[in-house]
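The values are calculated or read from the model by the stated rules, or taken from the named source; none is laboratory data. Source: prediction; values computed, not measured. In this analysis, Cβ positions are derived from the backbone assuming ideal geometry, glycine residues included, and neighbour counts consider all displayed protein chains. With ligands, DNA and RNA removed, areas are computed over all heavy atoms of the protein, side chains included. Shrake-Rupley method; radii C 1.70, N 1.55, O 1.52, S 1.80 Å.
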Amino acid sequence: MDQSVAIQETLVEGEYCVIAVQGVLCKGDSRQSRLLGLVRYRLENDAQEHALFLYTHRRMAITGDDVSLDQIVPLSKDFMLEEVSPDGELYILGSDVTVQLNTAELKLVFQLPFGSHTRTFLQEVARACPGFDPETRDPEFEWLSRHRCAEPHAESPKPREWNSDPGTRSGFPPIGGGRHQSRNARRGLEDVLPRGPGYILLWGGAAEEPEFLLAEEMYEGGPVRGRRPRAGRRDEALEEADWEMSAGGGSRERDCAGVSNVDSSRPNGRGPDQPSGARCPEKPENSLTRQNKSKSDMSEKVRSATVTVSDKAHILSVQKFGLRDTIVKSHLVQKEENYTYIQNFRFFVGTYNVNGQSPKECLRPWLSHSALAPDVYCVGFQELDLSKEAFFFHDTPKEEEWFKAVSESLHPDAKYAKVKFVRLVGIMLLLYVKQEHAAYISEVEAETVGTGIMGRMGNKGGVAIRFQLHNTSICVVNSHLAAHTEEYERRNQDYRDICSRMQFPQVDPSQPPLTINKHDVILWLGDLNYRIEELDVGKVKKLVEEKAFQTLYAHDQLKIQVAARTIFDGFTEGEITFQPTYKYDTGSDDWDTSEKCRAPAWCDRILWKGKNITQLSYQSHMALKTSDHKPVSSVFDIGVRVVNEELYRKTLEEIVRSLDKMENANIPSVTLSKREFCFENVKYMQLQTESFTIHNSQVPCQFEFINKPDEESYCKQWLTARPSKGFLLPDSHVEIELELFVNKSTATKLNSGKDTIEDILVLHLERGKDYFLSVSGNYLPSCFGSPIHTLCYMREPILDLPLKTVSDLEDLFQQPGLRPEFDHIRDCLDTGMIDHLCANNHSVAEALLLFLESLPEPVICYSAYHSCLECSGNYAASKQIILTLPSFHKNVFNYLMAFLQELLKNSANNHLDENILASIFGSLLLRNPARHQKLDMAEKKKAQEFIHQFLCGPL
């Protein structure tokens, strides 16, 4: 997810968020999530100034409402950003990047996720630094005075070490410079620093471009990397390659997740940690081995890889891929079978819905039940935390508790390193490998997709980690789909949403993101929530008692949906020989005896897709009784492609010679299957797509949609081209999809006629000509995105929705609706045909929230915003403010409050409370008038308190 969009909403005219990255602010043992945005401001003389904007956030940063400006760090001449290496910490490929930010008044330490996105972020910061020329005036940053944030204290000339860690050391020269560091001093430093592993020169604003060196990979003409082996001798084959540099990447994720040895690092990756009350017995000799293993010995194993942590700084700073390098990589992928062989690796895959509980028992009966230690662990949890705080915000102490429980329960006969972990509210995924395999793990990325209401709540959805093991790409997905027996269609929708929205950035930025299905091996685990249908509770329990699992399995919703090819097309699930894993009384093996008396079901499942995969076991683990679910595990032997060095060398040399013959003065040219595109009857939040094919001729070419003059994007905001750039080999082709999607950001201008569905796209070929594509269409105006006063003046008013069926529904405003039903609701509202409305109550509730979010002027007018915050503790004064609103807005507000009060009268049935409703509606009804200065946490609390008064008091 591009979080720069959320930051852009907090900025004013003239300010532009170039790029954003999520990191962790480190202060001693404290870890606080921060969103870092590089913001550019264009002065009247066309000069530019830059600053880093630091934001706090308590949930996923989707819109500007989700972030609060905490601090601004101008990129002045004394600004420096350098990578540091924490002492005593074992790094392997995929670990987070620790950087230290220094100015004359400030010193901050951040951990950034290792990967292609962080690499691009550091590149942009380097370009934005003002440089060292003493004749150049210092930036004045007058434009920053309009922003409100926590300003640094400047009483002392000594830098404030808010979070400088005494256990860190600088391993790399900085981005930027110091105010007292001259150009000559910089040159001297370049001469002194060794050009070996781990050293990189990134000097912002310098007149000369530094040469970036990658340890073990530098040659006279530069290195090349394709999808290539992970061992050292392969370097010799590159000496003849006169190509542009490219490098592999690692991970990008919403939550911080470093790479460390689990026996010597805490979840935050900060060195030794003593387990509190170890729950599992450990072999004495194994314990001594773990305690006495020297850091140098551990590091030697890690550094045996071609790409190690010492190369990490370089990988994060390399420039854009060259066309020739991309072609080489493609040829290497095509000829992979010529230089690789299959080697089996043992994977443990486990899933456990823990029902919001803390770990209370040893997990070894689940994680270490087999005699042979797995090579790779993929461990997923659902419902990690069921508290309301975890539901609305992303912080939870349960994360560390379960991480420690897993780390202590891995197989005792092997040493493991944590490669990555990622969490979305209660859905968490952990990835470990044996330490001897860690050197062959690369291109680690992690992503999350929330499928909860409005796509924002992460109570349902999926998390995924993708990585490369040797030369095989693997994607592991952990999902928690919608609940309730009758909601199988919603579960199907959740699955499709995860598949379509889960995208991983590639190392080569010219390539489109990778989707789940673009991997050699896919492992999908989780609480999929599919139930047993057409059988009553008694019949299900009787069949379980008789162990008639195949008879029961015939009524399994997942089996039925997979057979119908509505979901998991191409996936395989092993034979189920264990009893249903849901639902039990917590702490026992007894079926659910609560009032609801849920029928047993196989909710917890593991599926796979790919070649060379053999399932060795598929079972549940009845010994664990912490939750109302039982954990499930599966052990696989997965054939991974490993490189034969000699064959790889020969293949690479053949590709090099072939390219040398091919490259000449020929100009690239392509043919397009279509150049005019018409989108008819475009509707609010209804995706429309058109596609065309680019056919290449005899010369390799690189294509990209480019910006038109004086425009910041290659297309209008409602349009997207996928992929927007890429390369083509001779006689090859690629299909381009044009996606048109109108949302709250674009609907208002289209409704009013200030914008139309018209655009021109410019497709540019490197070393070739430009092609022009015409886009046209018509938009059907909608009540979504229209002002309240406009809707009230309509001759055909929108009728009120019935209330009687909504008041007692469980999980209202907390569970998403179905997309087809939202489309139906929107059409009924826009055409005035409310009598034909037929939709699930969750769909109606979500449509209401989306409607309120789409209003260009919120229900509580911008002019009353600050007064509302000031009166949040005074109900009488708050009611007076509502009386001053325009009559249309006042009436809508009073109707909404009456509606919500009616819901709260039935809270015993629908499980709503005033805090949940105040949190949801506070951010929708109260919005900052400037639309760029978003609420800090104190102001958000005031907004919530303001709405809370009307939910609890008389109207």
### Task
Could you tell me which residue of segment 34-70 is least open to solvent (accessible area, probe 1.4 Å), considering only residues that are of a type in the set (Ser, Thr, Tyr) and within 20 Å of PHE121 (Cβ to Cβ)?
TYR55
### Query
Which one of the conditions (1) open to solvent by 60 Å² or more (accessible area, probe 1.4 Å); (2) part of a loop (DSSP other than H, G, I, E, B); (3) closer than 18 Å to SER479 by Cβ does LYS559 fail to meet, given that it meets all the rest?
(2)
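Look at segment 519-530 and say how many of its residues are among the charged types (D, E, K, R) and either without any contact (Cβ under 8 Å) to a residue 24 or more places away in the chain or open to solvent by less than 20 Å² (accessible area, probe 1.4 Å) (or both). First the steps, then the outcome.
Going through segment 519-530, the residues among the charged types (D, E, K, R) turn out to be 520, 527.
Filter again for either without any contact (Cβ under 8 Å) to a residue 24 or more places away in the chain or open to solvent by less than 20 Å² (accessible area, probe 1.4 Å) (or both), leaving 527.
Going through segment 519-530 one residue at a time, the tally reaches 1.
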### Task
Go through segment 15-33 and count every residue that is in a strand (DSSP E or B) and open to solvent by 20 Å² or more (accessible area, probe 1.4 Å).
8
### Task
Within segment 614-626, count every residue that is in contact with an Asp or Glu (Cβ under 8 Å, 6 or more places away or on another chain) and surrounded by 18 or more Cβ atoms within 10 Å (Cβ to Cβ).
4
### Query
Looking at PHE571, PHE578, which one is surrounded by 15 or more Cβ atoms within 10 Å (Cβ to Cβ) and either more than 28 Å from GLN357 (Cβ to Cβ) or of a type in the set (Phe, Trp, Tyr) (or both)?
PHE578
### Summary
Note on MET457: of the conditions (1) open to solvent by 10 Å² or more (accessible area, probe 1.4 Å); (2) among the aliphatic types (A, V, I, L, M); (3) modelled with pLDDT of 90 or more, unmet is (3)
### Summary
Those residues of segment 719-732 which are part of a loop (DSSP other than H, G, I, E, B) and of a type outside the set (A, V, I, L, M, F, W, C) amount to PRO723, SER724, PRO730, ASP731, SER732
### Message
Can you go through TYR495, TYR584, TYR488 and tell me which one is among the hydroxyl-bearing types (Ser, Thr, Tyr), crowded, with 19+ Cβ neighbours inside 10 Å and at pLDDT below 95?
### Response
TYR488
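Filter segment 850-879 down to the residues that are among the polar types (S, T, N, Q) and open to solvent by 20 Å² or more (accessible area, probe 1.4 Å) and list them by number.
So in segment 850-879, the residues among the polar types (S, T, N, Q) come out as 854, 863, 867, 872, 874, 878.
Answer for segment 850-879, where residues must be among the polar types (S, T, N, Q) and open to solvent by 20 Å² or more (accessible area, probe 1.4 Å): SER863, SER867, ASN874.
Please verify whether ARG649 is open to solvent by 60 Å² or more (accessible area, probe 1.4 Å), among the basic types (Lys, Arg) and closer than 20 Å to ASN529 by Cα, treating the condition exactly as stated. Can you show your working first?
Working: open to solvent by 60 Å² or more (accessible area, probe 1.4 Å): yes; among the basic types (Lys, Arg): yes; closer than 20 Å to ASN529 by Cα: no.
Spelling it out, it is not the case that ARG649 is open to solvent by 60 Å² or more (accessible area, probe 1.4 Å), among the basic types (Lys, Arg) and closer than 20 Å to ASN529 by Cα.
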### Query
Which condition breaks for ASN338 when tested against (1) closer than 28 Å to GLU400 by Cα; (2) at pLDDT 90 or above?
(1)
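One line per residue, one yes/no per condition, for (1) more than 21 Å from GLU49 (Cα to Cα); (2) at pLDDT below 85; (3) open to solvent by less than 10 Å² (accessible area, probe 1.4 Å):
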residue: GLU82; (1), (2), (3): no, yes, no
residue: GLY88; (1), (2), (3): yes, yes, no
residue: LEU93; (1), (2), (3): yes, yes, no
residue: ASN102; (1), (2), (3): no, no, no
residue: LYS158; (1), (2), (3): yes, yes, no
residue: GLU161; (1), (2), (3): yes, yes, no
residue: ASP165; (1), (2), (3): yes, yes, no
residue: PHE172; (1), (2), (3): yes, yes, no
### Test for LEU108: is it at pLDDT below 80, on the phi < 0 side of the Ramachandran plot, surrounded by 23 or more Cβ atoms within 10 Å (Cβ to Cβ) and more than 24 Å from the chain's Cα centre (by Cα)
no
### Message
Name the single residue that is modelled with the lowest pLDDT among those in segment 681-706 being touching a strand residue (DSSP E or B) at 6+ places or on another chain (Cβ under 6 Å) and of a type in the set (S, T, N, Q).
### Response
GLN702
